[in-house]
Amino acid sequence: MPEIRKRYDALVIGGGITGMQAALDLGEQGYDVLLVEKYASIGGIMVGLNKVFPTLDCSSCICTPRMAESSHHSHIQVQTWAEVLKVDPEGDGFVATIEKKPRYVDEDMCIGCSKCELECPVDVPHEFDQGLGARRAIYIPHGNAIPQKAVLDAEHCIFCGKCEKVCPTECIVFDQVAEQVETRVGAVIIATGLDITPMARKPEYGGGRLLNVMNPLAMERVQSSNGPYGRVLRPSDGKIPRKIAYVQCAGSRDRSIGVPYCSRVCCMYSLKQALLLRHYIHGVEVTLYHMDIRAFGKGYEQFYQRTMKEGVRVIKGKVATIKEVDNNDLVVRVEMLDEGGRVEERRHDLVVLAQGLVPAWHAHGVVACDEASDGFMATPEGKINPSFTTLSGVFVAGVAAGPKDIPDAIVEAGEAAMAAAGRLQRTGWHKVPAVAAAAN
Amino acid sequence: MGEKTTTGKADRPKRPIEILRDRLGGVSKELQASVKEQGRIRKLLRGALAGGPRTVPELGAECELPTTTVLWHLMAMRRYGQVVEAGEAGDYVRYALKGSE
């Protein structure tokens, strides 16, 4: 891996689909970009999704070409397993301090053969599979990871040395330490993405304790062909679920948990997952309880209609509680809004909570940009310059600026890249010859 | 009596793996216990599966383990090529040791 250089045109924080797109849009114009990702692979949330709505295209089939392109682009340097600690203004640009976490593997020498992973005796819940599957203490992040390089989780290492013995390239480096590097950049794009609202905030829905109440990202992994179970099973006992419920707005439009906004994607990802369950499990009953369905994007309303035609039951009802009964089955207590508010208790063997989106990262202490009252980055010129933050030269794109779907995030990444390019030209940080010539 | 020559472990320079282990305070008791428990559960599961394909509830009953624990370990074994699917029994999948199915 090349060392982080002293100077780039732009720093992109976050290597998900938004960050990769912003980096590619800048790189294609000839600007040199440093793309920093905290995880051991780029790809973000999207590479772990099963399919995308409303087309039902394979998510990783769309995401992995972007990952490869970013990784191999002559104007983009990807630094995974690293965090941006500080971004301070300096002259026309910024000084960024980046911490490279120890991977305990020489990335130049690792050939991604997985021999270390196969030999390692310690199994650990895999973050990529939302803890439902296992990885080893030394592991390749996932099958589509870029770079396909091992990383050692030292907290779970028993220091048996088996990985070192079996490695054909002798690339295990136990004496690596964290390293802080400073670099100068002319513009910054924040593309730090999302987390989902924590289940613990909804005790009436089990508070994360009920084995068969899943979060939507776990269901994405369970539905994926390379997921933890290889098919759709429920976590308590491996049963093929026959009656599945989706509970909408389980973490959005809810002032009691500090998330008053609509997360914009939950209706659509739930409809998508519900439809796919009908395809994956013969005869499965899937019921979606909602306050109202928000299907506002291109082709989304048609997808909603198709989902109902293919047998998903969509019930206007507010779920009050979810309780566990015998055999880890679940009883959903629901106010049937279209039936005069009649309260009904309905039994399911698996429930998915349509949890909302919250920011995965906060600027406080790193870069002097304001956050809005909802915790996402403030965009004071949201109508005409949606990627502008409160600090000149720092731009934001994707869910870091507020909940949105993948197409909107990609559009915003392009906007942020153009805004950053404009600044680089104005300040003279880097005048790309072709652009400068055309301007003259 | 001649002077003793020490050629023991204490005299040789520490290897990087040992330095890292010391720097991180060794292997925690929790991790040691977890690895030991993993070994115990895998032995139980392999023993039960040696008798033929089983579902998760069957393995749970036979090995006296919670079914959610059985599923997690079984899926870890499946991921690393020790266990394969071997048909279905009602609402459950049967699993078998690889090569025995």
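Is there a quick way to get the dipole size of the protein assembly as shown? I mean about its Cα centre, with the Cβ of Lys and Arg at +1 and of Asp and Glu at -1; what is the value in debye to the nearest 20?
That gives a dipole near 940 debye.
Restricting the stretch A:146-246 to chymotrypsin sites (Phe, Trp or Tyr not before Pro) that sit in a DSSP loop and have at most 15 other Cβ atoms within 10 Å of their own Cβ leaves nothing.
In chain A, what percentage of the DSSP-assigned beta bridges are antiparallel, given to the nearest 5? Within chain A, antiparallel bridges account for around 55 percent of the total. The angle separating the long axis of helix A:59-72 from the principal Cα axis of greatest extent in chain A is about 10 degrees.
Restriction of the chymotrypsin sites (Phe, Trp or Tyr not before Pro) in the stretch A:344-404 to DSSP coil positions whose beta-carbon has at most 11 other beta-carbons within 10 angstrom yields no sites. Ranked by how many other Cβ atoms sit within 10 Å of their own Cβ, fewest first, the residues A:Asp292, A:Asp326, A:Asp195 fall in the order A:Asp326, A:Asp292, A:Asp195.
Compactness of the stretch A:197-357, taken as the C-alpha radius of gyration over 2.2 N^0.38 Å, stands at 0.97. What angle, in degrees between 0 and 90 and rounded to the nearest 10, separates the Cα long axis of helix B:29-49 from the longest principal axis of the Cα atoms of chain B? Its long axis makes an angle of about 40 degrees.
Would you work out if the stretch A:287-440 is rounded, prolate or oblate? Take a ≥ b ≥ c from the square roots of the eigenvalues of the alpha-carbon gyration tensor; rounded if a/c is under 1.5, else prolate when a/b is larger than b/c, oblate otherwise. Provide the component values of the computation, followed by the final result.
On the way: a/c = 3.57, a/b = 2.41, b/c = 1.49.
Prolate, since a/c reaches 1.5 and a/b exceeds b/c.
The share of C-alpha pairs in the stretch A:8-140 whose separation exceeds 17 Å stands at 67 percent. Taking a straight Cα-Cα cut-off under 18 Å and skipping sequence neighbours fewer than 8 places away in the same chain, the lysines within cross-link reach of B:Lys98 are B:Lys43. For the stretch A:197-357, DSSP calls about 50 percent of its internal beta bridges antiparallel.
For the protein assembly as shown, dividing the convex hull volume of the Cα atoms by the residue count gives 191 Å³ per residue. Taking each of A:Lys6/A:Lys100; A:Lys149/A:Lys239; A:Lys243/A:Lys309; A:Lys38/A:Lys86; A:Lys38/B:Lys36 in turn, the alpha-carbon distance tops 23 angstrom for A:Lys149/A:Lys239; A:Lys38/B:Lys36. What net charge do the residues around A:Leu275 carry, taking every other residue with its C-beta under 15 Å from that of A:Leu275, with Lys and Arg at +1 and Asp and Glu at -1? It works out to a net charge of +1.
Above 15 Å, the calculated P(r) of the stretch A:102-177 contains 49 percent of its Cα-Cα pairs.
Principal-axis analysis of the Cα atoms of chain A puts helix A:300-309 at an angle of about 30° to the longest axis.
Which of B:Gly60, B:Gly39, B:Gly90 ends up with the largest GNM mean-square fluctuation for chain B, with Cα atoms connected below 10 Å? With Cα springs under 10 Å in chain B, the top fluctuation among B:Gly60, B:Gly39, B:Gly90 is at B:Gly90. With r defined as the distance between the Cβ atoms of A:Ser114 and A:Glu345 and R0 fixed at 30 Å, what FRET efficiency is calculated, to the nearest 0.05? My answer for the efficiency is 0.05.
Electrostatic tally near A:Met336: other residues with Cβ closer than 13 Å to its Cβ, Lys and Arg +1, Asp and Glu -1, net +1.
We did not get these values from a lab; they are worked out from the coordinates using the rules stated. Note that the structure is predicted; figures quoted are calculated from it, not measured. Because the Cβ atoms are built from the backbone with ideal geometry, glycine has one as well, and the counts that use them run over all protein chains shown.
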